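Enquirer: Sharing a structure below in structure tokens format, with a few things to ask.
The values are calculated or read from the model by the stated rules, or taken from the named source; none is laboratory data. Here the structure is a predicted model, which means the values were calculated and not measured. Because the Cβ atoms are built from the backbone with ideal geometry, glycine has one as well, and the counts that use them run over all protein chains shown.
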Amino acid sequence: MLKSSIKPSRSTCNLLLGSFKRPDQALSLYKTMAGAGISPNFQMLHTLPNCFCEFQRTHLALGVIGRIQKLGYPLSVILLNMVMNGLSKEGQVVRAIELFHGMQNYKLLPNVFSFNTLINGLCKAQKVEEAMAMLKEMGKRGCQPDVVTYNILMNGLCKEGSTEEAMHLLEKMYRNDLNPNVFAFNALINGFCKADRVEEALALYKGMGKIGCQPDFVTYSTLIDGLCKGGRIKEAMSFLEEMCHNGLKADVVTYCTLMNVLCKKNKVEVALDLLKEMGKMGCQPNVVTYSTLIALLCKGGRTEEAMSLLAQMFHSGLNPNVVIHNILINVLCKRNELEEALTFYKEIGKSGCQPNIITYSTLIDGFCKGQRTKEAMSLLEEMYDNGLNPNVVTYNTLKMHCAK
């Protein structure tokens, strides 16, 4: 339209601007308008920075702010908040703070969104102390922090291990008649679980119910992980049941966390039941799930069941990793089923992974013990060809059997 003799209206250009998917298109329209003598109006100049910030082109947004000032149009808190948010998302929190302090020059008062934007940017930049200073600045300027303010700060404090300070903020929220939401509780629960203070995390979980705050997927997953790390599998399993009862689905990571602890405690049947439960809940087991269970079954001498799980794994479209191959090769070598062990060795490449030192060491040891030293030496050559050097155990095994 701009190339034809018909001159579009400002409103038409503004509509075009809102439909663009890339910042270069918006910039091109802006330049074309200038070339066609179409002066952007106040609405368009306020639309452009939003477009540029959405596509992480804040330097262009800052240029538009300069243009607005030259044309004598007033700046607004909403516009500056938008650009500060864009700068913070790009990691340019220092420039965002400069723009924030510049509000005074434009006789504009920052609002809670202005402060939240900067606090969030500072926390993401791991400058939590400066973010806390910004909270004090809010009080000095008569701007009341909201739930979002506290959420951001508590999350930042917990990530750096300052859970006590985060708890002080929670208490402050209550004093200010603000009820923390699930995001606030999740930040604190995660902080306490990471610090191995699960009892305090559980106390917070109970506190959620008292104010009618419903736990979500993150709440349960975090608590299950914390309890598992403390070896409290019974309580972790109880939370899984509660989670499912409340209509929330656990993911494969949560199931793997539980299975790992069950395997360490040698609770094979419970772990296998959990695998079945995953299927019923529509959660697809991954390679880690299968390798954990296959290792446990092999350790207990239940090789046939381990092989059955391997077949199930293939059927579900998953390829076993080198860890699974090594586990099964080790079992077969111990049973002197060397041909089967070799078959698994040859399958490693087909699965898209490479044999490692453990693979070769296990096979060489098995063939040496089976009095098949020549084949063991052949495996040693293959090991060298693949750029792997045998360890001391492998050398000693070969030396001992070759000397016989």
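Enquirer: Kindly indicate whether any position in segment 202-216 is under 21 Å from the mean Cα position of the chain (by Cα) and free of Cβ contacts under 8 Å to residues at least 40 places away in the same chain.
Expert: yes
Enquirer: With 65, 78 as the choices, which residue is under 22 Å from residue 45 (Cβ atoms), crowded, with 17+ Cβ neighbours inside 10 Å and among the β-branched types (Val, Ile, Thr)?
Expert: Step by step, each of 65, 78 is checked, and only 65 is under 22 Å from residue 45 (Cβ atoms), crowded, with 17+ Cβ neighbours inside 10 Å and among the β-branched types (Val, Ile, Thr).
Enquirer: Another question about this same structure. From 355, 320, which residue is buried (at least 16 other Cβ atoms within 10 Å of the Cβ) and more than 23 Å from residue 284 (Cβ to Cβ)?
Expert: Of 355, 320, the one residue that is buried (at least 16 other Cβ atoms within 10 Å of the Cβ) and more than 23 Å from residue 284 (Cβ to Cβ) is 355.
Enquirer: Just to check your reading of the model, which residue among 297, 258, 274, 240 is modelled with pLDDT under 90, on the phi < 0 side of the Ramachandran plot, among the hydrophobic types (A, V, I, L, M, F, W, C) and surrounded by 14 or more Cβ atoms within 10 Å (Cβ to Cβ)?
Expert: Step by step, each of 297, 258, 274, 240 is checked, and only 297 is modelled with pLDDT under 90, on the phi < 0 side of the Ramachandran plot, among the hydrophobic types (A, V, I, L, M, F, W, C) and surrounded by 14 or more Cβ atoms within 10 Å (Cβ to Cβ).
Enquirer: Would you check if there is a residue in segment 33-56 being hydroxyl-bearing (Ser, Thr, Tyr), outside any helix (DSSP H, G or I), at pLDDT below 75 and farther than 30 Å from residue 144 by Cα?
Expert: Yes: segment 33-56 contains one or more residues that are hydroxyl-bearing (Ser, Thr, Tyr), outside any helix (DSSP H, G or I), at pLDDT below 75 and farther than 30 Å from residue 144 by Cα.
Enquirer: Can you tell me which residues in segment 80-121 are in a loop (DSSP other than H, G, I, E, B) and either small (Gly, Ala, Ser) or free of Cβ contacts under 8 Å to residues at least 12 places away in the same chain (or both)?
Expert: The answer is 91, 107.
Enquirer: So if I check each of 132, 173, which one is buried (at least 17 other Cβ atoms within 10 Å of the Cβ), touching a Pro at 6+ places or on another chain (Cβ under 6 Å), on the phi < 0 side of the Ramachandran plot and in a helix (DSSP H, G or I)?
Expert: 173
Enquirer: Taking residue 249, is it more than 28 Å from residue 129 (Cα to Cα) and in a helix (DSSP H, G or I)?
Expert: No, not satisfied.
Enquirer: Here is a further query. Taking the condition crowded, with 18+ Cβ neighbours inside 10 Å, hydrophobic (A, V, I, L, M, F, W, C) and over 31 Å from the mean Cα position of the chain (by Cα), does residue 119 pass?
Expert: No; evaluated as a whole, the condition is false for this residue.
Enquirer: May I pose another question? Taking helices (runs of 4 or more DSSP H) that fall entirely within segment 306-396, which contain at least 3 residues that are closer than 19 Å to residue 293 by Cα?
Expert: 322-334
Enquirer: Something else: Determine whether segment 138-147 contains at least one residue that is under 24 Å from residue 203 (Cβ atoms) and part of a helix (DSSP H, G or I).
Expert: Looking through segment 138-147, at least one residue is under 24 Å from residue 203 (Cβ atoms) and part of a helix (DSSP H, G or I).
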